[in-house]
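Here the structure is laid out as structure tokens; the discussion comes afterwards.
Throughout, read-outs are computed from the coordinates displayed, never taken from laboratory work. Here the structure is a predicted model, which means the values were calculated and not measured. Every residue, glycine among them, receives a Cβ derived from its backbone with ideal geometry; neighbour counts consider all protein chains shown.
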Amino acid sequence: MQYRLSTIFLVFFFAAATLALFGSWGIWIAIVLGAAALAFNRSKTTMDGMIRVTYIVLIGIVCPGLLKPAISGSPEAARRARCANNMKLIGFALLDYENARSQFPTITINDKSGKPLYSWLVKILPGLERRDIYDRLKKDESWDGPHNAKILRELKIWIFDCPSAFGKPDDFSSYLAIVGPGTIWRKEGPVSLNDLRDPAVTVMAVECAESDMHWAEPYTLTAEEALERMKTGKGMRISTAHPSVVNVLFADGHVEPLRADMPISLWRKLLMGEIKSIGELESWEEDPNDPSPVNMSVYKSPPKTGEWAYLLSILVWLISLALIFYRAWDSRKIAKAETRIEADAGLNEP
């Protein structure tokens, strides 16, 4: 293949189109088809080139199947894992705060008159390696004050956003703290790890896929209010953007994926501190006295490209693929013609 500027541009265009159409798998597809085009270009005959292309494409199809168990699951599984990782980072920051001050932060930070200024998430920004934001905020001004609002508009924090919560503003938190005896947040004030009966079953935060509040905005939600909202399905409540599980962060730093259709009676026991082990939440039977089951999942499929735009992108990709192989065939033909001319010139020399 002659590596002219137009050829290099075509290769980059094909790679970009493949990546845009197939996502992360586009890298592998572009490599396989690029190798096939190169093999076709280097073949001695057209039939030999077609055989080489067939072998390479077959290898490209088989290898991902062999590697699939080791490299990835579904896109939603990856998003759920990222969501759990976000919560773990929040948990580590809370534990770091407790270790430095011998107590967890209060759920809201108030001024001297008791007016809430901002949420607990602001206090753990240094533990999330976002001291740059923390230091720029005025601690005696509310989160939506003129100075702080400007800072918060300029800077985004991806850790507070569940990757499966499509359509939600990026600066709305997907993670919710609840005040109750089964959590680290108490009406009587801040607590320490030593005050907890068992950190492994004490809640730090839960998912809130339908949050309508900025992550820095102060709020107070009690366990009783959370349970009532689970029944009605209204207001900021425990909910998940994943199909079947709710990620819950516990005070020992681990994240547990609880079933989205877990009975409200078990949620009550968890938030009221009546759970002795996680095993009680993993195996349960329907309680006839429980209110009608409420599925906490508000899962929505990822937004899809419009049908015509998608068909157009496929057409563009097919055209670029055809041009890649045409260029491989054409440059091979030119190279053979040049070889014959050189051979004939050599024979005609005296």
Please specify each residue of segment 166-185 satisfying the condition of being within 21 Å of residue 224 (Cβ to Cβ) and not in a strand (DSSP E or B).
-> 177, 178, 180, 181, 182, 184
So which residues in segment 25-59 are farther than 16 Å from residue 320 by Cβ and within 27 Å of the chain's Cα centre (by Cα), if there are any at all?
-> 25, 28
When only residues in segment 177-198 that are exposed (fewer than 15 other Cβ atoms within 10 Å of the Cβ) and free of Cβ contacts under 8 Å to residues at least 24 places away in the same chain count, which is farthest from the chain's Cα centre (by Cα)?
-> 188
Pair list, Cβ < 6 Å and 6+ apart or interchain, from segment 224-249 residues that are without any contact (Cβ under 8 Å) to a residue 12 or more places away in the chain to residues that are outside any helix (DSSP H, G or I) and of a type in the set (Gly, Ala, Ser) = 229/235
Quick check: is even one residue across segment 111-124 on the phi < 0 side of the Ramachandran plot, out of contact with any strand residue (DSSP E or B) (no Cβ under 8 Å at 6 or more places or on another chain) and polar (S, T, N, Q)?
-> yes
